[in-house]
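Enquirer: Below is one structure. I have some questions about it.
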Amino acid sequence: MSNQRSKLVVGNWKMHGRLAANAALLQGVARGAQALPRGVGVGVCVPHPYLAQALALLGGSRVAWGAQDVSAHEQGAFTGEVAAGMIADFEAAYAIVGHSERRAYHGESSGVVAAKAQRVLAAGLTPIVCVGETLEERESGATERVVGAQLDVVLAVLSVDEAARIVVAYEPVWAIGTGKSASSEQAQQVHAFLRTRLAAKGAQVVNVPLLYGGSVKPENAAELFRQADIDGGLIGGASLKEGDFLAICAAAGAGADVVS
Ligand code: PGA
């Protein structure tokens with residue numbers, strides 16, 4: 001079953017890429033994206049130093065760009081941090097907040113993630129808010145409690161209008177970079193649950209794009225994107241390979257035909 005919402009596929013390059021190699025990848029993705037149906041949006045979230053390169057090479061193309069993290073502060077004495085306004089200067093559309101690697105390796109609580117989402121919205125960008133459970137949490141039956149709580153902390157600090165402008169990515173920690181994607185049924189079940197939490201915030205919020213992330217590949221993308229509450233994907237490893245990333249975008253395009 002498909003749905004009436006558009007599809008969105010966003011690459012998360014993580015800490016990969018160098019200037020020369022990026023150019024070929026960005027230009028290849030921009031070129032390939034021209035062939036996609038109108039109902040599919042495409043973005044790439046690059047390391048901060050490459051935002052200027054993304055602006056130069058993707059400006060005027062179908063492909064949007066963004067950052068992978070942002071400071072929870074507006075400005076000030078925060079050595080090494082990057083403010084949302086700085087990212088906006090490079091005409092970025094997105095900033096990922098609350099990726100599980102930030103939560104696990106940098107101790108980011110959902111409260112910090114919520115503050116970051118607010119900063120991103122205030123700068124006029126779209127936050128891609130990541131939620132996801134660990135394997136231990138899934139096996140103990142805590143998935144909905146964990147992802148529900150992660151999402152609710154963010155929704156609690158946003159107005160209904162702000163909440164309607166976010167993107168949510170469900171990324172089970174056990175599926176990230178492991179080659180072991182959630183099954184389409186497992187993913188759909190959590191997405192349907194997250195959709196009810198969004199609906200509880202307000203009618204305008206129910207159609208917020210819900211992306212699945214975690215070992216999405218050309219081989220499993222179409223099946224995942226066919227699910228009623230899966231509106232696209234957040235793609236790590238496969239977003240570094242032009243052919244794979246474009247094949248995943250094409251799979252989203254197939255599901256987006258209904259709205260194009
Ligand atoms: P993966 O990463 O596609 O390499 O599993 C997804 C992510 O962490 O956003």
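No lab work stands behind these numbers, since they all come straight from the coordinates. Note that this is a predicted model, so its numbers are computed, not measured. Because the Cβ atoms are built from the backbone with ideal geometry, glycine has one as well, and the counts that use them run over all protein chains shown.
Enquirer: What is the Cα coordinate range of the stretch 1-105 on the first, second and third principal axes, sorted by size from largest, in whole angstrom?
Expert: Dimensions of the stretch 1-105 along the principal axes of its Cα atoms: 45, 36, 23 Å.
Enquirer: Excluding same-chain residues fewer than 8 positions from K217, which lysines have a Cα within less than 22 Å of its Cα?
Expert: Straight-line reach from K217, under 22 Å: K7, K14, K180, K241.
Enquirer: Here is a further query. Which three lengths, in whole Å and largest first, does the stretch 24-164 cover when its Cα atoms are put on their principal axes?
Expert: 45, 39, 31
Enquirer: I've got another one for you. Convex hull over the alpha-carbon atoms of the chain: what's its volume per residue in Å³?
Expert: It comes to 115 Å³ per residue, whole-number rounded.
Enquirer: Amide H neighbours of C45 under 5 Å, counting only residues 5+ apart in sequence or on other chains, H built in-plane at 1.01 Å?
Expert: So C45 has HN proximity to G11, N12, W13, G66.
Enquirer: Could you compute the net charge surrounding V113? Neighbours are other residues with a C-beta less than 12 Å from the C-beta of V113; K and R count +1, D and E count -1.
Expert: +1
Enquirer: Rounded to whole Å and sorted largest first, what semi-axes of the equivalent ellipsoid does the C-alpha gyration tensor of the stretch 52-96 yield via the square root of 5 times each eigenvalue?
Expert: Sorted largest first and rounded, they come to 23, 9, 8 Å.
Enquirer: Within the set of other residues whose C-beta is less than 12 Å from the C-beta of D69, count the net charge using Lys and Arg as +1 and Asp and Glu as -1.
Expert: +2
Enquirer: Right, something else. Short version: ³J(HN,Hα) in whole Hz for each residue of the stretch 217-230, in order, from phi by Karplus 6.51 cos²θ - 1.76 cosθ + 1.60 (θ = phi - 60°), x for Gly and Pro, what are they?
Expert: Once θ is set to phi - 60°, the couplings for the stretch 217-230 become 9, x, 6, 10, 5, 4, 5, 5, 6, 6, 5, 4, 10, 9 Hz.
Enquirer: Under the Karplus relation 6.51 cos²θ - 1.76 cosθ + 1.60, θ = phi - 60°, what is the ordered set of whole-Hz ³J(HN,Hα) values for the stretch 92-106, x standing for Gly and Pro?
Expert: 5, 9, 10, 9, 6, 10, x, 4, 4, 5, 6, 5, 7, 8, 10
Enquirer: Quick query: amide H of G232 versus all other amide H atoms, modeled in the peptide plane; which residues come in under 5 Å with a sequence gap of 5 or more or a different chain?
Expert: L8, Y212
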